[in-house]
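The structure under discussion appears below in the form of structure tokens.
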There are 2 protein chains.
Amino acid sequence: MTRVQQIGEDALIRRLAGLLPSRQDVVAGIGDDCAVVRTGRHDAFDWLLKSDPVIEGVHFARDAAPGAIGRKAVGRVLSDLAAMGGEPLWALINLVAPPDTPVKRLEGIYRGAASLAKRHGMAIVGGDTSRGKTLELHVFAVGRVPRGCAVPRSGARAGDVLYVTGVLGGSGEGRHLKFEPRIKEGGWLCAQGWATAMMDVSDGLATDLRRMTAASGTGAVLDVAAIPVSAAARRCRDTRSSLEHALADGEDFELLLAVPARKAVAFEAAWRRSFTLRCSRIGVMTKRSGVIELKDGKSCVPLTCRGYEHFVTRADS
Amino acid sequence: MTRVQQIGEDALIRRLAGLLPSRQDVVAGIGDDCAVVRTGRHDAFDWLLKSDPVIEGVHFARDAAPGAIGRKAVGRVLSDLAAMGGEPLWALINLVAPPDTPVKRLEGIYRGAASLAKRHGMAIVGGDTSRGKTLELHVFAVGRVPRGCAVPRSGARAGDVLYVTGVLGGSGEGRHLKFEPRIKEGGWLCAQGWATAMMDVSDGLATDLRRMTAASGTGAVLDVAAIPVSAAARRCRDTRSSLEHALADGEDFELLLAVPARKAVAFEAAWRRSFTLRCSRIGVMTKRSGVIELKDGKSCVPLTCRGYEHFVTRADS
């Protein structure tokens with residue numbers, strides 16, 4: 001009997017996705033950061049739908065500050081909306097809590113959720129509550145993009161230049177509870193039409209770049225010297241290098257995007273005029289489908305490390 | 001320190017709801033079966049948003065058939081859409097599963113979910129998966145109603161006649177896994193404009209009628225002889241009467257609605273022409289805000305029993 005931990009998340013989702021009903025108004029279903037649906041023939045917008053869980057012992061530790069838990073719950077779906085260039089509109093929250101949970105703790109969680117949602121113009125309009133053994137929030141969000149403008153992860157072509165915002169790695173040191181969803185940057189990228197493909201880095205650059213190349217039918221070469229390793233990753237003292245942390249830790253919630261090579265210089269200049277946030281040129285898409293390599297000076301080796309795997313138990317951070 | 005189990009679900013939701021941000025395009029937020037949002041000035045439809053959890057040990061037993069679990073997860077949100085007269089469109093599913101869950105079990109769950117969704121024309125377009133200690137599904141659904149036509153639970157007036165579809169009580173004997181969401185009936189009620197108020201009976205008639213009267217600012221008198229007690233409730237052999245089961249068991253997922261008295265005869269005739277499903281006239285709304293009475297022949301006593309309370313632990317059925 002095959003168990004979930006033997007096949008992993010991506011294979012599980014592929015098996016389940018094949019069972020599910022669709023409709024003609026579904027522009028993009030399972031397999032991207034958000035689903036995209038279209039409500040009318042003459043509508044100016046497409047609608048983005050996304051849900052994400054945060055679970056005690058998986059996405060946050062028992063002693064995490066309540067406000068940070070709520071902030072992360074809302075931040076995760078905002079990051080997914082940002083990854084397709086979306087404007088956040090409305091959210092629902094399903095709360096699961098043990099009956100002996102202090103009401104004040106839940107109020108703190110909802111204050112954190114409310115604060116980040118409000119800052120990005122998103123209303124929280126409902127949800128449901130239930131008792132359960134573990135404290136959990138499941139946030140469901142609706143956003144929108146100008147019709148036909150959602151940026152998929154599947155649009156990259158060989159030759160496109162790869163960029164990532166911010167810095168990567170070591171998020172377990174605290175950043176996984178305090179990240180800024182890149183709503184403003186994602187909306188700008190969508191409106192200006194720079195990116196051929198975009199996604200958020202939630203399970204580590206190694207895993208998420210594999211997903212983008214698989215969806216786009218490309219390969220990629222990463223330039224080791226260009227990967228923006230965070231100070232937190234450099235501080236990690238364990239058996240893994242800071243580069244490995246940057247490639248595999250996950251929960252960076254930065255944007256990974258591909259830009260056509262002929263636009264790269266103009267894009268970089270436009271980015272610098274618009275944002276102080278770093279956007280690093282980290283590599284290039286190639287024709288060698290499914291092959292991801294790390295280029296370090298003159299040597300070029302296959303990327304072997306993997307990011308976060310949801311159904312393989314590891315120490316909680 | 002106040003804990004959730006001391007204040008209960010309704011008070012918890014009131015406390016949390018006050019913290020949350022809204023937007024101008026939110027027609028109805030927390031406090032009804034679904035949230036109602038409006039996307040454009042000239043849109044022909046309003047949009048309904050709803051999320052519901054099903055959790056092992058709370059909403060289903062460990063040995064429940066996989067297909068029935070998925071069916072219930074989708075059925076719960078469909079019932080909420082039906083309660084406002086909505087047409088189902090798209091859903092997302094968040095899955096939480098222990099890593100040793102057999103993949104076949106999850107496929108069975110998703111087949112059950114897919115089958116019911118498909119029958120009601122609803123696509124399942126995404127979601128997320130995570131490991132956790134307990135098997136859970138959180139379903140988020142989007143539906144629509146003609147603009148301004150969503151039936152709230154707050155619209156009832158003194159004198160309106162109360163109806164409930166189907167039969168009540170004893171759902172723990174199996175019906176809680178096999179109920180039919182009243183999509184067709186809810187859509188018909190919405191399109192024809194019969195109901196001033198409507199909701200689904202998910203926590204028991206006693207609790208849900210209290211919610212409807214509180215939202216509408218009315219009281220109610222229930223006619224004991226008219227309450228449609230299910231055969232399953234009559235079969236229950238415990239300290240509670242079959243009437244108490246019908247009032248308090250919960251998970252009936254029938255529609256509770258109020259119709260103006262002057263339309264009652266015409267409504268009943270139209271219902272009989274359209275459906276074979278029973279729709280029982282069970283009482284009337286009164287002016288005595290918050291007072292719910294049970295009328296049994298000539299005697300009239302206050303309704304004391306209560307329905308399902310989410311944060312008070314009881315034996316799982």
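The values are calculated or read from the model by the stated rules, or taken from the named source; none is laboratory data. What you see is a predicted model; the values in this text were computed from it and never measured. Backbone-built Cβ (ideal geometry, glycine too); neighbour counts: all protein chains shown.
Can you find a residue that is of a type in the set (F, W, Y), over 18 Å from B:S202 (Cβ atoms) and buried (at least 19 other Cβ atoms within 10 Å of the Cβ) anywhere in segment B:40-59?
Looking for residues that are of a type in the set (F, W, Y), over 18 Å from B:S202 (Cβ atoms) and buried (at least 19 other Cβ atoms within 10 Å of the Cβ), one finds at least one in segment B:40-59, hence yes.
Please determine whether any residue of segment A:153-172 is within 18 Å of A:R281 (Cβ to Cβ), part of a helix (DSSP H, G or I) and not assigned by TED's automatic domain parsing to the domain that holds A:R119.
No, every residue in segment A:153-172 fails to be within 18 Å of A:R281 (Cβ to Cβ), part of a helix (DSSP H, G or I) and not assigned by TED's automatic domain parsing to the domain that holds A:R119.
Starting from residues that are in a strand (DSSP E or B) and facing another protein chain (nearest Cβ under 8 Å), keep the ones in segment B:33-46 and report whichever is farthest from A:G132 (Cα to Cα).
Looking at the filtered set, the residue picked out is B:F45.
Name the residue that is farthest from A:R119 (Cα to Cα), counting only residues in segment B:8-32 that are in contact (Cβ under 8 Å) with a residue 60 or more places away in the chain and outside any loop (DSSP other than H, G, I, E, B).
B:G8
Would you check which residues across segment A:54-95 are of a type in the set (F, W, Y) and either at pLDDT below 95 or over 17 Å from B:H138 (Cβ atoms) (or both) and list them?
Within segment A:54-95, just A:F60 meets the criteria.
Any residue that is touching a strand residue (DSSP E or B) at 6+ places or on another chain (Cβ under 7 Å), closer than 16 Å to B:C149 by Cβ and surrounded by 20 or more Cβ atoms within 10 Å (Cβ to Cβ) - is there at least one of those in segment B:88-101?
yes
Can you pull out every residue in segment A:7-27 that is more than 8 Å from chain B (Cβ to nearest Cβ) and either closer than 21 Å to A:L81 by Cβ or touching an Asp or Glu at 6+ places or on another chain (Cβ under 7 Å) (or both)?
Those that are more than 8 Å from chain B (Cβ to nearest Cβ) and either closer than 21 Å to A:L81 by Cβ or touching an Asp or Glu at 6+ places or on another chain (Cβ under 7 Å) (or both): A:G8, A:A17, A:V27.
Is it true that B:R306 is at pLDDT 95 or above, in contact with a Gly (Cβ under 9 Å, 6 or more places away or on another chain) and part of a loop (DSSP other than H, G, I, E, B)?
So B:R306 fails the test.
When the residues of segment B:79-109 are narrowed to those that are in a loop (DSSP other than H, G, I, E, B) and within 7 Å of chain A (Cβ to nearest Cβ), which ends up nearest to B:M198 (Cα to Cα)?
Within segment B:79-109, the match that is nearest to B:M198 (Cα to Cα) is B:T101.
Keeping to segment A:243-263, report how many residues are farther than 15 Å from A:A197 by Cα and within 21 Å of the chain's Cα centre (by Cα).
11
Name the single residue that is nearest to B:F140 (Cα to Cα) among those in segment A:110-121 being more than 7 Å from every other protein chain (Cβ to nearest Cβ) and crowded, with 18+ Cβ neighbours inside 10 Å.
This residue is A:A113.
Can you confirm whether B:E56 is of a type in the set (D, E) and closer than 29 Å to A:K133 by Cβ?
For B:E56, the condition - of a type in the set (D, E) and closer than 29 Å to A:K133 by Cβ - is met.
Could you list, in sequence order, all residues of segment A:114-136 that are in contact (Cβ under 8 Å) with a residue 40 or more places away in the chain and farther than 24 Å from A:G85 by Cα?
Across segment A:114-136, the qualifying residues are A:T134, A:L135, A:E136.
Considering (1) surrounded by 23 or more Cβ atoms within 10 Å (Cβ to Cβ); (2) closer than 28 Å to B:E9 by Cα; (3) at pLDDT 95 or above; (4) not assigned by TED's automatic domain parsing to the domain that holds B:L49, say which one B:L189 fails and leave the rest.
All conditions pass for B:L189, except number (2).
Among (1) in contact with a Pro (Cβ under 7 Å, 6 or more places away or on another chain); (2) under 22 Å from A:C34 (Cβ atoms); (3) of a type outside the set (S, T, Y), which single condition is B:A28 missing?
Condition (2) is where B:A28 drops out.
Pairs, please: C-beta under 9 Å, at least 6 apart or cross-chain, first residue farther than 16 Å from B:A206 by Cα and modelled with pLDDT of 95 or more and in segment B:163-181, second among the β-branched types (V, I, T) and not in a strand (DSSP E or B)?
B:P181/B:V74; B:P181/B:V77
If you take just the helices (runs of 4 or more DSSP H) that sit entirely in segment B:196-299, which of them hold at least 3 residues that are touching a residue at least 12 places away in the same chain (Cβ under 8 Å), polar (S, T, N, Q) and under 23 Å from B:F179 (Cα atoms)?
none
Yes or no: segment B:49-72 includes at least one residue that is free of Cβ contacts under 8 Å to residues at least 60 places away in the same chain and not in a loop (DSSP other than H, G, I, E, B).
Taking every residue of segment B:49-72 in turn, at least one turns out to be free of Cβ contacts under 8 Å to residues at least 60 places away in the same chain and not in a loop (DSSP other than H, G, I, E, B).
How many residues does segment B:122-146 contain that are under 17 Å from B:P66 (Cβ atoms), facing another protein chain (nearest Cβ under 7 Å) and surrounded by fewer than 24 Cβ atoms within 10 Å (Cβ to Cβ)?
2
For segment B:259-276, check the following and say yes or no: at least one residue is within 20 Å of B:G169 (Cβ to Cβ) and exposed (fewer than 14 other Cβ atoms within 10 Å of the Cβ).
No, segment B:259-276 contains no residue that is within 20 Å of B:G169 (Cβ to Cβ) and exposed (fewer than 14 other Cβ atoms within 10 Å of the Cβ).
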